[in-house]
Amino acid sequence: MSHDKPSIAAVDWGTTRMRVWLLDTAGRVLDERRSDDGLLTARSRGFSVVLEQHLAALRAPVTLPVIICGMAGSRQGWLEVPYVDVPAPIGGILKSATAVKGERSDIRIIPGLAQRLQSEPEVLRGEETQLAGADLPEKGRHIVCMPGTHSKWIVVEEGVVSRFGTWMTGELFSLLASHSILRHSLGEKPSTVAADNATFRHWCETALASGGDIASRLFSIRAAGLLHGLSPDEAAAALSGLLIGGEIASARRVYEPGRQEIVLISSGALGALYGTALEIAGMAFRPVDADEAVRAGLFAAARRNGMIGNGVAA
C-alpha cells in the first residue's frame, strides 16, 4: 500500500460482487479489495459489518468518508436511495447522494435513475456512476453502451441523461445455457468465447442481418449440433454471437446512432466481444475502461458532496 493518506473510500457494491478502493486527494488508487460480498451476502451479514471488515483490512482510518454506488442503495440494500428521474443532468445525479445515519464516518450512497414512461419503464443503479466517470463531452448527443448481465444503453444530450434501455443479454445467455434445450449443445460449463472466434462472428452477423430477430434462430444452434457437428465450444460462441448481435441490432433501431460514435464502457473479455460486434455492425466506438470509469465517477461524487479535502463541494 502507498504511504499517501487516503481521502475517500470508493465502493462499487453490486448484487454479487463488491469492490473497494482507497483514493487520494487526486483520485489515484492507493489500495483496493475485491470480493464476493455483494448485496446477497451483505444482507445476511450486515452492510456496516461487511464494509468495516474491508476497510479494516485496508487499514483505513475509522473516520474515513465513504462514497458508494450500486445495489447498496436499492430497496433490498443498506438504505433505499430514491431514484432520480430522467431527464437528469449527470452532475445533479451525483450530488443527490444520501447519507447513511448512525455510522462513525460520513457514508453516502449515490442514487440510481428511473425512467417513468408508461411505454418504457426503466431503472438502473451503478451505471450512472460509470457514466459520470466516462469523460463525455458536455455538448452534443452521446450514446453509451454498458455490457453486462443486464446491458444498458443510455442517451446523453448536452450533459443530461435523457433516455435509457436494458437488454438482458447476459442473463438470457445464462438461462438459455442452463435451462433450455440448448444446454445439451453447450454442455454443463459453457466455455469462454474469444472475440476473434469465427463462429461468434458468423452468428453475430446473422443476428445483425435479421435486424435483431433472434428468436427464430436460437433452435438452429441445437440443430447445427445434431446435423453439422457443432461442438459445445462453438455452440457457446454461436449463442453469444446471436445474443450480442441481436442486442446491438435492436439498440441501433431504437436509438438510431447513424454514424455517431458509440461510447463502450466495459472491461475484459465481454468488452472485447462487444467491440467486435460493433465493428461487424459497422458502428464506430470509443472504448472506456469500466473500472476506471466507476472510480472516476465515485471520486467526482465525493467532490460534489464536499467529502474530500477541505469539505468544499467542487
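Quick note: the coordinates plus some simple rules give every number you see, no bench work behind them. Please read all numbers here as calculations on a predicted model, not as lab measurements. Because the Cβ atoms are built from the backbone with ideal geometry, glycine has one as well, and the counts that use them run over all protein chains shown.
Whole-Hz ³J(HN,Hα) for each residue in the range 301-307, computed from phi via Karplus 6.51 cos²θ - 1.76 cosθ + 1.60 with θ = phi - 60°, x for glycine and proline: what do you get?
5, 4, 5, 5, 9, x, 8
About its Cα centre, how strong a charge dipole does the range 1-45 have in debye, to the nearest 20, once Lys and Arg get +1 and Asp and Glu get -1 at the Cβ?
160 debye
Whose amide H sits under 5 Å from the amide H of GLY187, counting only residues 5 or more places off or on another chain, with H placed in the peptide plane?
Here the answer is none, since no amide H 5 or more places off falls under 5 Å of that of GLY187.
In which sequence would TYR274, TYR83 go, from the one with the fewest C-beta neighbours within 10 Å to the one with the most?
Working: TYR274 25, TYR83 21.
Fewest-to-most Cβ neighbours within 10 Å comes out as TYR83, TYR274.
What does the charge add up to near ILE154, with Lys and Arg as +1, Asp and Glu as -1, over the other residues with Cβ less than 9 Å from its Cβ?
Computed value for this residue: 0.
So what are the ³J(HN,Hα) numbers for the range 56-63, from phi and the Karplus equation (6.51, -1.76, 1.60; θ = phi - 60°), rounded to whole Hz, Gly and Pro as x?
Computed from phi, the couplings for the range 56-63 are 5, 5, 8, 6, 7, x, 5, 9 Hz.
Going out from 0 in 10 Å bins, what whole percent of all Cα-Cα distances in the range 168-283 drops into each bin?
Computed distribution, short to long bins: 15, 49, 30, 6, 0.
Normalise the Debye intensity by I(0) for the chain, one equal point scatterer per Cα, no solvent, then take log10 at q = 0.15 Å⁻¹ and round to two decimals.
For the requested q values the scattering log ratios are -1.17.
Could you tell me which residue out of LEU243, GLY268, ALA215 lies farthest along the dipole of the range 168-283 toward its positive end? Charges go on the beta carbon: Lys and Arg +1, Asp and Glu -1, centred on the Cα centre.
ALA215
Arrange the following residues from fewest to most other Cβ atoms within 10 Å of their Cβ: ARG304, ARG116, ARG183.
Final ranking by Cβ density, sparse to dense: ARG116, ARG183, ARG304.
Go through the range 239-249 residue by residue and turn each phi into a ³J(HN,Hα) via Karplus (6.51, -1.76, 1.60, θ = phi - 60°); whole Hz please, and just put x for glycine and proline.
Once rounded to whole Hz, the list reads 5, 4, x, 5, 6, 5, x, x, 4, 5, 4.
Would you mind working out the magnitude of the charge dipole of the chain relative to its Cα centre, with +1 at each Lys and Arg C-beta and -1 at each Asp and Glu C-beta, to the nearest 20 Debye?
Values: 32 positive and 34 negative charges, 112 e Å.
The dipole magnitude comes to about 540 debye.
Can you give the Rg to Rh ratio of the range 7-121, both from alpha-carbon atoms, with Rh computed by the Kirkwood formula?
My calculation puts Rg/Rh at 0.99.
Identify all lysines with a Cα-Cα distance to LYS95 below 27 Å; exclude those on the same chain that are fewer than 8 residues away in sequence.
LYS5, LYS139, LYS152
Could you tell me whether the range 49-203 comes out rounded, prolate or oblate from its Cα gyration tensor? Rule is a ≥ b ≥ c as square roots of the eigenvalues, rounded for a/c under 1.5, then prolate if a/b exceeds b/c, otherwise oblate.
Taking the square roots of the gyration eigenvalues as a ≥ b ≥ c, the range 49-203 is oblate.
Compute the orientation-averaged projected area for the range 133-223 from the convex hull of its Cα atoms and round it to one decimal in nm².
Value for the range 133-223: 7.7 nm².
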